Amino acid sequence: MRVVFIGPPGAGKGTQAARIVDRLQIPHISTGDMFRAAVKAGTPLGKEADGYMKSGKLVPDSLTIAMLRERIAEPDAKRGFLLDGFPRTVPQADALDAALRADDMKIDVVLLVEVPDELIVARIVGRRSDPDTGRIYHLTFDPPPPELAGRLVHRKDDTEEACRTRLGAYHSQTAPLVPYYESHGVLRRVDGVGEPADVTTRIMGALGL
Ligand code: AP5
């Protein structure tokens, strides 16, 4: 199955993707995680992406599309994948369609995880992640065990200011993907508000599983 998650920053895409891929046995491909790994490793791609990410802007399509194309060509993606954070612009969606079409494949489902803007900032500024396991926590909504406190990471773009820029980028550049995928007949909407386990149940239902 080839699945795409779209939704505003902090909608819970990463949290839900981690739960879903275990059940579907497909790789979780997050362009945000790939860029953060490149920044950490100090690669040329990471150096170029870093400034955009810190300020909350999208990394240019040319860099993002090339990185994603390489990733979905890897053997583990042949039987399906869950894309989290890609596509984020109409040119990225067109490039994805073209790359898949060349191999006689297509996206099966696009899940739009909906969370109102007024809940987003609190989710973002309270997020912490465990660099060893990739587990995502929230200081209030999903508190980490105290013994992990010393190693948890607070993302550089998880400030209120960068979050507002990211929300602006979502509405201006990513929201046009909603009518785009509606017109392809693959869009399904999921309410992202409530307990994470309830959101997972809704997602599994939307996937017909
Ligand atoms: P990326 O890493 O993709 O960030 P994002 O889309 O902004 O999404 P987030 O990771 O912030 O949120 P999420 O929806 O995964 O929420 P999470 O589950 O963590 O991208 C970062 C940057 O990389 C971009 O700004 C851009 O610069 C660049 N980039 C990446 N892809 C790109 C692309 N395709 N094109 C161009 N540039 C690109 O949850 C958030 C918090 O809420 C957590 O603390 C969690 O515990 C909590 N939470 C989750 N679910 C719930 C719930 N149900 N109730 C309460 N709290 C909850």
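Derivation of every value follows stated rules applied to the coordinates shown; laboratory data play no part. Small disclaimer: the values here were computed from a predicted structure and weren't measured. With ideal geometry, Cβ positions are generated from the backbone for all residues, glycine too; neighbour counts draw on all protein chains shown.
Quick notes on this structure:
- Share antiparallel - DSSP beta bridges, the chain, percent rounded to 5: 25
- Cα gyration tensor shape for region 111-209, rounded if a/c is under 1.5, else prolate or oblate: oblate
- Cα-based Rg and Dmax for region 34-128, where Dmax is the largest Cα-Cα distance (Å): 15.1, 42
- The loop-placed trypsin sites (Lys or Arg not before Pro) in region 128-183, going by DSSP, that have at most 14 neighbouring Cβ atoms within 10 Å of their Cβ come out as K156.
- Length-normalised contact order for region 2-54 - Cα pairs under 8 Å, 6+ apart - percent: 17
- Length-normalised contact order for region 86-209 - Cα pairs under 8 Å, 6+ apart - percent: 35
- Pairs of Cα atoms nearer than 8 Å and 6+ residues apart set the relative contact order; for the chain it is 31 percent.
- Spatially proximal aspartates and glutamates relative to K54 (Cα-Cα < 18 Å; intrachain offsets below 8 disregarded): D33, D157, D158, E160, E161
- Reachable lysines, given that their alpha-carbon falls under 30 Å from the alpha-carbon of K106 and they are not under 8 places away in the same chain: K13, K57, K78
- Put simply, the chain fits an ellipsoid with semi-axes of 25, 21, 18 Å; these come from the alpha carbon gyration tensor as the roots of five times its eigenvalues, largest first.
- Whole-Å distance, taken between Cα centres, linking region 1-51 and region 127-186: 10
- Considering only region 90-209, percent of DSSP beta bridges that pair antiparallel, nearest 5: 50
- Only DSSP H runs of four or more residues enter the estimate; each adds -39500 (n - 2.57), and after division by the residues of the chain the mean residue ellipticity at 222 nm equals -14000 deg cm²/dmol.
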